[in-house]
Amino acid sequence: MEVVQQIFREIDRDPTDVELEVIAQTWSEHCKHRIFSASISHSVNGGAPETVNSLFKTYIKKPSEKIMERKPGFVLSAFDDNAGFIALDDNLAVCLKAETHNHPSAIEPYAGANTGLGGVIRDILGAGKGAKPIASLDVFCFGAPDTNPADITAPDVIHPLGIMRGVVRGVRDYGNRMGIPTVNGAIQFDPTYIYNPLVFCGTAGVIPRGDILKEMRPGLKVIVIGGRTGRDGLKGATFSSAALDEASHEEDFTAVQIGNPIEEKKTLDFILEARERGLIVFITDCGAGGFSSAAGEMLSVTGGEIFLDNAPLKEPGLISWEIFLSESQERMVMAVEEKDLPELRKLADTFQTELTVLGHSDDTGILKVWHKGELVCCLDNSKLHDAPIKKLESVFTPGKALTGQPLPDKDLNKSLETVMGDFAIVSREPIIREYDHEVQGNTILKPLAGAQADAPQDGSVVDIDGSDKCMAMACAILPEWGKTDPYAMGTGTVDECVRQLILVGSNPDKIGLLDNFCMGNPEDPAELGRLVECVKAIAKAADAYNAPFISGKDSFYNYFETEDGPINVPVTFLCSGFGVVENPDHVIGSSLRRSNSLLYLIGHTEDEMGGSVFARTHGVEDGKVPQTDCAANMELYKAYYSALTSGLVLSAHDISEGGLAVTAAEMAFSGKGGVRLDLTKVPTVNGWKSPAVPLFSERTGRILVEVDPEFAADFETAMDGFPCACIGSVTEEKRLTATCCGGEKVLDCDIANLKKLWKDGLTPYY
């Protein structure tokens with residue numbers, strides 16, 4: 001407040017209501033990411049505090065810039081546009097952006113998720129001079145669908161099942177109606193997400209490399225194209241920057257936008273044609289803050305005038321600040337040459353969308369907004385975009401050095417059935433089938449494959465029109481790990497994302513990453529401490545994998561105020577990534593392809609059961625969360641990639657949630673055969689006491705690889721010097737068996753039964 005008062009003391013006048021609302025939106029956590037730019041005094045285990053001046057600059061931007069210096073020409077744009085771009089080939093670039101729409105989805109699941117995807121599609125349209133959206137991903141964190149309603153203690157909280165159904169259908173309807181395939185994603189279930197679900201939506205795009213750079217200058221016309229402005233979405237940015245409480249469903253309902261994918265499709269077609277004709281100088285989307293953010297950012301260097309009387313409205317009677325700050329959907333703001341307006345108007349008529357001249361740029365550096373002949377906003381951009389720096393404290397107290405407790409191993413058949421039927425593992429097919437993942441006709445590796453097209457894949461690959469290269473997409477999220485070891489969660493999540501991209505054919509040297517963070521109250525030092533540790537970890541991981549972060553987003557205050565105190569979501573880190581596939585022949589799936597092949601396990605397996613599905617379902621409370629040697633794993637992945645591109649790999653599947661047993665079962669769901677495992681051959685450094693460890697450990701850096709016996713020697717040569725062993729084979733008999741010391745059979749399960757448990761897990765609920 002003091003900073004705001006000082007701004008107006010300097011110009012010797014009182015602020016208008018529009019100016020106060022503009023500053024509130026612009027300086028909101030949602031728009032300015034003030035937690036990530038804060039000065040944080042961070043202490044670990046009671047030690048002397050260190051000062052972190054901007055988590056973003058210290059652990060994301062600077063490390064990524066160092067990586068970019070090591071690989072010049074790969075990252076073409078990062079951190080200064082609506083999405084980051086990497087080079088696909090000499091002519092084309094691809095981009096990826098992921099956003100959250102958590103609070104709106106908690107209040108109104110369908111509309112919240114619907115406009116969440118619509119918003120990130122507009123980010124792609126506003127990247128460069130207008131990228132073409134080509135594929136989407138979504139990641140959801142819900143309470144379990146079988147949650148007992150009596151366990152939800154706060155009134156007016158929507159049951160997780162209602163949240164899940166509304167969110168999925170909201171994303172489905174927007175993506176399908178836009179004609180953009182949804183090809184990748186994940187779902188997490190945990191009680192901590194009952195009161196505050198997390199909804200991540202991401203979209204990838206493609207653009208000619210010459211259309212990436214854009215620059216504002218004075219003398220341009222500012223136009224708005226697409227939807228009309230209404231009262232929906234008012235104060236959405238500030239709403240998303242505050243906690244939810246029992247009154248939110250009633251009081252904050254107007255902050256949720258109303259989506260219209262058909263209008264956005266018309267806008268998309270207009271923008272792509274206008275870009276092809278060279279008619280766009282600058283473009284950005286109308287997201288959080290509406291015109292105030294879009295026009296404010298566009299005119300932040302030059303200055304300019306906006307005339308609200310020109311804005312097409314959904315209804316009469318909107319006052320100045322409502323028009324300027326409304327977050328009504330499907331609107332894009334562009335800067336164009338005045339001479340091009342006639343051609344642009346003809347294009348708008350062709351695509352049946354509305355174009356209006358909203359204002360112009362000048363050289364004053366001042367944002368001036370007029371309404372009904374009155375100057376309702378006059379702000380110096382240098383002050384408007386210079387939000388005060390927060391000062392925060394964070395603490396982190398590591399848990400005890402846990403060595404693990406004896407694991408139950410009397411009935412591992414039952415254990416595998418329990419794990420396979422857990423919500424963390426079960427098939428997402430009922431939800432995946434809601435999405436069109438083949439529209440545009442370029443999806444090479446789909447979310448499901450195998451003989452019955454129902455076996456899971458590690459990532460997705462899409463062909464790119466006009467190029468002989470493809471783009472891979474993958475994501476990873478491990479919130480359970482972060483409850484006890486946020487640093488391990490950070491390194492492990494990056495590792496899994498990179499591993500999946502390489503598994504589906506991406507060149508290890510051509511991978512870009514996105515960071516998305518969600519947490520509860522960042523003003524709680526213990527909560528913030530977990531975030532700091534996680535951010536430190538991803539910096540280390542990105543450097544080891546030589547994979548820069550090129551875009552990201554954060555969402556804070558994901559907690560719910562109750563009479564008994566706040567309920568926080570855990571610190572949640574989503575790592576999404578995309579990479580260049582040099583040749584479509586390098587694309588393989590995760591499903592077994594033959595009944596006589598060999599199975600190799602690469603990577604070490606250790607007694608690290610913390611955070612695993614097995615530990616949670618079997619009451620193991622003191623297991624150590626897997627630690628990741630990022631540098632060693634990257635060398636391993638490069639060796640694997642060399643074997644892959646040499647034609648030595650039939651299929652491969654990453655070992656992640658559920659461990660080796662689940663990985664082997666999922667590969668066998670292709671219908672090609674069963675799996676026989678010899679656990680004594682599993683590579684390890686420190687060994688283990690229970691066969692449950694090699695079967696269910698979620699240790700990072702491991703891949704189960706199917707190899708033709710004819711190429712076994714070549715594959716072993718390619719992996720020489722790395723932890724790699726033939727641990728089994730594919731069998732005609734469709735069973736999953738495992739033997740341990742002395743040939744004792746410790747696992748013997750019917751594949752069909754396991755698949756039924758896995759496939760039917762969500763069916764009763766969706």
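For segment 461-478, the residues whose amide N sits under 18 Å from a probe point set 7 Å from the Cα of Glu276 along the beta carbon direction are 464-467. Taking Cβ atoms as reference points and 12 Å as the exclusive limit, the residues near Thr203 contribute a net charge of -2, counting Lys and Arg as +1 and Asp and Glu as -1. Which angle between 0 and 90 degrees, to the nearest 10, do you get for helix 17-26 versus the longest principal axis of the chain when only C-alpha atoms count? Its long axis makes an angle of about 20 degrees. Take the Cβ atoms of Asp629 and Arg345, set R0 to 45 Å, and the FRET efficiency comes out at 0.15. Report note on the peptides 175-184, 586-595: ranked by the mean count of other C-beta atoms within 10 Å, highest first, their order is 175-184, 586-595.
In this structure the amide hydrogen of Arg735, modeled in the peptide plane, comes within under 5 Å of the amide hydrogens of Gly674, Val675, Ile751, none closer than 5 places in sequence on its chain. Between helix 630-645 and the chain, what is the angle of the helix's C-alpha long axis to the longest principal axis, kept within 0 to 90° and rounded to the nearest 10? Helix 630-645 sits roughly 80 degrees off the main axis of the chain.
From the Kirkwood radius over Cα pairs of segment 540-624, Stokes-Einstein at 10 °C and 1.306 mPa s returns a whole-number translational diffusion coefficient of 84 µm²/s. Between Ser41 and Lys57, full extension at 0.36 nm per residue minus the direct alpha carbon distance yields a gain of 4.2 nm.
For segment 216-387, DSSP calls about 85 percent of its internal beta bridges antiparallel.
Relative to its Kirkwood radius, the Cα radius of gyration of segment 269-369 gives an Rg/Rh of 0.95. For the chain, the longest principal axis of the alpha carbon atoms and the long axis of helix 160-178 meet at an angle near 70°. The aspartates and glutamates whose alpha-carbon is closer than 15 Å to the alpha-carbon of Lys672, local same-chain residues fewer than 8 away aside, are Asp454, Glu706, Asp708, Glu732, Glu733, Asp750. Residue ranges 459-468, 410-419, 67-76 sort as 459-468, 410-419, 67-76 when ordered by packing (mean number of other C-beta atoms within 10 Å per residue, highest first). For the listed residue pairs Lys314/Lys553; Lys265/Lys346; Lys57/Lys390; Lys446/Lys759; Lys510/Lys553; Lys483/Lys536, the alpha carbons are over 19 angstrom apart in Lys314/Lys553; Lys510/Lys553. Taking θ as phi - 60° and the Karplus parameters 6.51, -1.76 and 1.60, the scalar couplings of segment 723-736 work out to x, 7, 8, 6, 10, x, 8, 8, 10, 5, 6, 8, 10, 10 Hz in sequence order, x denoting glycine and proline. Fully extending the segment from Gln440 to Lys383, taken as 0.36 nm per residue of separation minus the present Cα-Cα distance, adds 16.0 nm. The amide H of Ser651, built 1.01 Å from its N in the peptide plane, has Glu706 as neighbours under 5 Å, considering only residues 5 or more places off or on other chains.
Averaging the sequence gap over all C-alpha pairs within less than 8 Å and six or more residues apart, then dividing by the number of residues, gives the chain a relative contact order of 15 percent.
Projecting the Cα positions of Cys630, Val613, Tyr641 onto the charge dipole of segment 588-766 (unit charges on Cβ atoms of Lys, Arg, Asp and Glu, taken about the Cα centre) puts Val613 furthest along the positive direction.
Normalised by 2.2 N^0.38 Å, where N is the number of residues, the alpha-carbon radius of gyration of segment 420-534 equals 1.29. When the Cα positions of Leu358, Gly278, Ala348 are compared along the charge dipole of segment 216-387, Gly278 comes out farthest toward the positive end, with charges on each C-beta of Lys, Arg, Asp and Glu.
By the helix-only formula, in which each DSSP H run with n ≥ 4 contributes -39500 (n - 2.57) and the sum is divided by residues, the chain has a 222 nm mean residue ellipticity of -9000 deg cm²/dmol. What number comes out for the charge environment of Cys497, summing +1 per Lys or Arg and -1 per Asp or Glu over other residues with Cβ under 12 Å away? Neighbourhood net charge equals -4.
Taking 15 Å as the cut-off, the amide N atoms of segment 574-601 that come nearer than this to a point 7 Å along the Cα-to-beta-carbon line of Asp468 belong to 581-586. Seen from Ala631, the other residues with C-beta closer than 12 Å to its C-beta sum to a net charge of -2, counting Lys and Arg as +1 and Asp and Glu as -1. With R₀ set to 35 Å, the beta-carbon distance separating Glu621 from Val4 gives a calculated FRET efficiency near 0.10.
In order along segment 551-558, the Karplus-derived 3J(HN,Hα) couplings, from 6.51 cos²θ - 1.76 cosθ + 1.60 at θ = phi - 60°, round to 6, x, 6, 10, 9, 10, 6, 8 Hz, and Gly and Pro are given as x. Computed over segment 216-387, the P(r) curve from all C-alpha pair distances, binned at 10 Å from the origin, holds 10, 38, 35, 14, 2, 0 percent per bin. Eigenvalues of the alpha-carbon gyration tensor of segment 694-766, scaled by 5 and square-rooted, set the equivalent ellipsoid semi-axes at 29, 17, 15 angstrom, largest first.
Listed cross-link partners Lys132/Lys214; Lys71/Lys97; Lys414/Lys756; Lys734/Lys756; Lys221/Lys368 are compared with a 19 Å cut-off, the Cα-Cα value being larger for Lys71/Lys97.
From the list [x] 0.98; [y] 1.02; [z] 1.11, can you say which value of Rg/Rh (Cα atoms, Kirkwood Rh) was derived from the structure given? So the calculated entry is the one marked [x].
Put simply, the amide H of Asp622, placed in the peptide plane, has neighbours under 5 Å in Gln405, leaving out anything fewer than 5 places away on its chain. Once the Cα-Cα distance is subtracted from the 0.36 nm per residue extended length, the Asn753 to Tyr765 segment shows a gain of 2.3 nm. To the nearest 0.05, how large is the calculated FRET efficiency for Thr680 and Leu213 if R₀ is 60 Å and r is the Cβ-Cβ distance? After rounding, the FRET efficiency stands at 0.55. 3J(HN,Hα) couplings calculated from phi for segment 76-89 with the Karplus curve 6.51 cos²θ - 1.76 cosθ + 1.60 (θ = phi - 60°) are, in sequence order, 9, 6, 8, 6, 10, 9, 5, 7, x, 10, 10, 6, 8, 8 Hz; Gly and Pro show x.
Read-outs: derived from the displayed coordinates by stated rules, not from any lab. Not measured: the values here are computed from a predicted model. Because the Cβ atoms are built from the backbone with ideal geometry, glycine has one as well, and the counts that use them run over all protein chains shown.
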